[in-house]
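The values are calculated or read from the model by the stated rules, or taken from the named source; none is laboratory data. Source: prediction; values computed, not measured. So basically every Cβ, Gly included, is an ideal-geometry build from the backbone, and we count neighbours across all protein chains shown. Ligands, DNA and RNA are excluded from the accessible area calculation, which covers all protein heavy atoms including side chains. Shrake-Rupley method; radii C 1.70, N 1.55, O 1.52, S 1.80 Å.
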Amino acid sequence: MKDLTPIFSPRSIAVVGASSRPLSVGWETMNSILRFGFTGTVYPVNPKAPEINGIQAYPSIAEISEPVDLAIMVVKRDLVLPAMKQCAEVGVKGVIVITAGFKELGGEGAALEEKITAVAREAGIVMVGPNCMGVFNTYPGVKLNATFARFDPKRGPVGFISQSGAMGAQILDFSSERHFGFSKFISIGNKSDIDENDALEVFTRDEEVGVIILYLESFADAARFREVCLEASRVKPVVVFKAGRSEAGAKAASSHTGALAGSDTAVDALLASCGALRVDTVGELLSVSQLFSAERLPEGDRIAMVTNAGGPGIIATDELENAGFVFPELEERTVAKLKEQLPPEASCANPADVLPGTGAKGYEIAVEALSDDKNIDMLLVLWTTPVMVKTKWVVDAIKPLCEKSRVPVIGMFSGASDVMLDAAPLGELGIPIFSHAPGVRAGLVAGRRYREWLERKAVPPIAFDVERHKVAAIIDKAGESWLEAEDAFVVLECYGLPVARSKVVAADADIAAEAGGLRYPLVMKVVSPDILHKSDAGGVIVGIQNSDELMQAKNNMLGALDKNAAGAKIEGFLLQEMAFGETELIVGVNREPGFGPLIMCGLGGVYVEVLKDIAFSLAPLDGDEPARMLGRLRSAPILRGVRGSKGVDIDAIADVISRVSQLVTEHPRIEQLDINPLMAGVGGCVAVDARIKVVK
Ligand code: ADP
Ligand code: MG
């Protein structure tokens, strides 16, 4: 693990390029450090100014007589390398390069970045950036704000890692109007030395950090992220806003899985596999940060709501019910208490509507009664400001009740930003305050997902007894190509997958005689390197009952192929026993560079691309993951069986998925794999079509 102490908790700082010109980055950075009350010593470095902000300046780092822990560089690009060399000479321990103009510009900038990184590494200096917005640490013993953001951060449990400086600044800006704060922030910029994984590792062990949020545009090393995040998410929530969802460069549709698995799907699967909670918008990131900064989190999904207006209450109820939260009936004694004290027009159910006119008193009554109800896991207090009641009155009235509430309280204070700010006393109690129903939903959903993640038992991947060497030999022989049909089936059989009995016969062979060992009814399929989708070309005939029909089928197929795939090289025919399951599934694998094998399962057959009812996960899969993947499909209830239909053998399908996971984990040269369809029924499943691509 990298030691970031010199970055977050230095005793002395040199600001290289500090400036007395207001609004320059050199001035703002220096100013932030002083304004926020850094507890150590600051040395401005500027060869042209004798003093900056009333503090003696030094012409170079070399001239500072005391040891410097951290150098912050805000100088022009071409001065960074010489300054880094000086840092190395005088034994600076950490450097933050805020200056831009490096790798992000390519060419010369990239070369320069390599040079400064090499100097830093050689000297054992930890370097943040270049092209970043700095760091801060709100710990009272340090009080370092080495950024040029507009506002000083509030102190709180959030540890924030941002690839983009601007996104960092934006989140800080927004958070100034909300009731959560930060313990540490690091803008990693070009991540030439310190990347998100280093910071994540440090934040995992940092007791000041209660929740970690990341804004990322790329992964420095996805496999390492998975490892580091797995450790982090066991002890604190990790929230990731990964931008770049749109698909750059659709893949050649040479396999179904390849066509359906985009790189963003891989990101989803990666994050899900290590317990990271993904959000998609700034709003969600703020809401989720707000929720996880709470003093207490709900332990279930049952909500009681109090509101002073119908509309906002209905909107919030819709939003939350659609997300799976429930509004249970209240205990009788709760309802009795409400009825006794509230005016007759008020609604004494759940949601409880105290009406606008009852003001602070109405809320006092409702919060007192509801917060003690045994049927609920949380109390949501909705507030819309009517002209005759001040937000502050309500906040003051309910504050002591919230403090002793049996269940966690959550606030939704809607209106202009002053409404939210007036709720500050509740925020100080550690009550999460939101302004809109979607924010409440985003927060609560993340809270539930994290709870489920913590409850999930880690079941290691199942290790099947397989014929690994036989598969390795087939792959070696194939070099770089799609495996021949027969070989693909053999590979699956070696890993214990159920495959339909089949046999390839030459085009000119006596087909009826060759079919001797197989049991009718049969399926006949063309074998041709030129035909990708056999049934499209008329190259699949099912339900062949006897040898007469088989010979007839061969003639019919040759006729169809002549028409639909003229010139295709017909190597022979695959004769295959009919499978009995009637549900067609797909199990596939695609490798996303840097991510490893991405496993897909879903509804298969010819409609797979139309219905797109598929689920993904990164191999190696946990023992329980195949069942969870099947559970995520829209058609999961159908697979389990509905309305008299028996469904399919879920365990058998899960077993196939687990075995495929082991296969592609043990054979990294398998680049793509498609089992489509896997025919599934009540009594099991069987692969009837398989394509496997291997690479060198
Ligand atoms: P392709 O995908 O190249 O068109 P398949 O081998 O997947 O060829 O066959 C196409 C369709 O034919 C399958 O989706 C399935 O409906 C049916 N089929 C193929 N083989 C069998 C079999 N052994 N038993 C039952 N149906 C089959
Ligand atoms: Mg197929």
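Things worth noting here:
- Residue in the stretch 527-542 that is under 26 Å from V656 (Cβ atoms), assigned to a helix (DSSP H, G or I) and among the small types (G, A, S) present: yes
- Taking every residue in the stretch 482-511 that is open to solvent by 10 Å² or more (accessible area, probe 1.4 Å) and pairing it with any residue that is assigned to a strand (DSSP E or B) and more than 16 Å from ligand 1 (Cβ to nearest atom), at least 6 positions away or on another chain, the pairs with Cβ-Cβ distances below 7 Å are L483/V694.
- K534 vs. criteria open to solvent by less than 30 Å² (accessible area, probe 1.4 Å), within 16 Å of ligand 2 (Cβ to nearest atom) and not hydrophobic (A, V, I, L, M, F, W, C): no
- In the stretch 313-355, the residues that are assigned to a loop (DSSP other than H, G, I, E, B) and acidic (D, E): E329, E331, E345
- Filter result for F580 (in a loop (DSSP other than H, G, I, E, B) and in contact with a strand residue (DSSP E or B) (Cβ under 6 Å, 6 or more places away or on another chain)): yes
- Unique match (being β-branched (V, I, T), crowded, with 20+ Cβ neighbours inside 10 Å and closer than 22 Å to A446 by Cα) among V367, V381: V381
- Residue match in the stretch 608-617 (condition: in contact (Cβ under 8 Å) with a residue 60 or more places away in the chain, more than 16 Å from ligand 1 (Cβ to nearest atom), surrounded by fewer than 20 Cβ atoms within 10 Å (Cβ to Cβ) and closer than 21 Å to S263 by Cα): yes
- Enumeration of residues in the stretch 504-519 that are more than 12 Å from ligand 1 (Cβ to nearest atom) and either among the basic types (K, R) or part of a loop (DSSP other than H, G, I, E, B) (or both): A507, D508, A509, D510
- Inter-residue pairs, beta-carbon under 6 Å, first farther than 15 Å from V682 by Cβ and in the stretch 640-666, second β-branched (V, I, T), 6+ apart: V656/V587; I657/V587; S658/I462; V660/V587; S661/I599; V664/V589; V664/I670
- Verdict on D69 being surrounded by fewer than 18 Cβ atoms within 10 Å (Cβ to Cβ), acidic (D, E) and either touching an Asp or Glu at 6+ places or on another chain (Cβ under 8 Å) or under 20 Å from G129 (Cβ atoms) (or both): no
- Subset of the stretch 212-245 (residues that are more than 11 Å from the chain's Cα centre (by Cα) and of a type in the set (K, R)): R224, R234, K236, R245
- Candidates K374, K339 - the one that is at pLDDT 95 or above, surrounded by fewer than 17 Cβ atoms within 10 Å (Cβ to Cβ) and more than 41 Å from the chain's Cα centre (by Cα): K339
- Members of the stretch 661-687 found to be more than 16 Å from ligand 2 (Cβ to nearest atom), closer than 26 Å to A472 by Cβ and of a type in the set (A, V, I, L, M), listed by number: L663, V664, I670
- Criterion: surrounded by 14 or more Cβ atoms within 10 Å (Cβ to Cβ), modelled with pLDDT under 95 and either within 15 Å of K93 (Cα to Cα) or out of contact with any strand residue (DSSP E or B) (no Cβ under 8 Å at 6 or more places or on another chain) (or both) - qualifying residue of N31, N53: N31
- Leading residue by the ranking (modelled with the lowest pLDDT) among those in the stretch 637-687 that are at negative phi, open to solvent by 50 Å² or more (accessible area, probe 1.4 Å) and not in a helix (DSSP H, G or I): S645
- One residue from A110, A62, A88, A118 being part of a helix (DSSP H, G or I), more than 30 Å from I171 (Cβ to Cβ) and under 33 Å from the mean Cα position of the chain (by Cα): A118
- Taking the criterion of being touching an Asp or Glu at 6+ places or on another chain (Cβ under 7 Å), closer than 26 Å to P593 by Cα and more than 11 Å from ligand 1 (Cβ to nearest atom), the residues of the stretch 672-696 that qualify are K693, V694, V695, K696.
- Members of the stretch 594-619 found to be farther than 22 Å from F489 by Cβ, over 17 Å from the mean Cα position of the chain (by Cα) and assigned to a loop (DSSP other than H, G, I, E, B), listed by number: K612, D613
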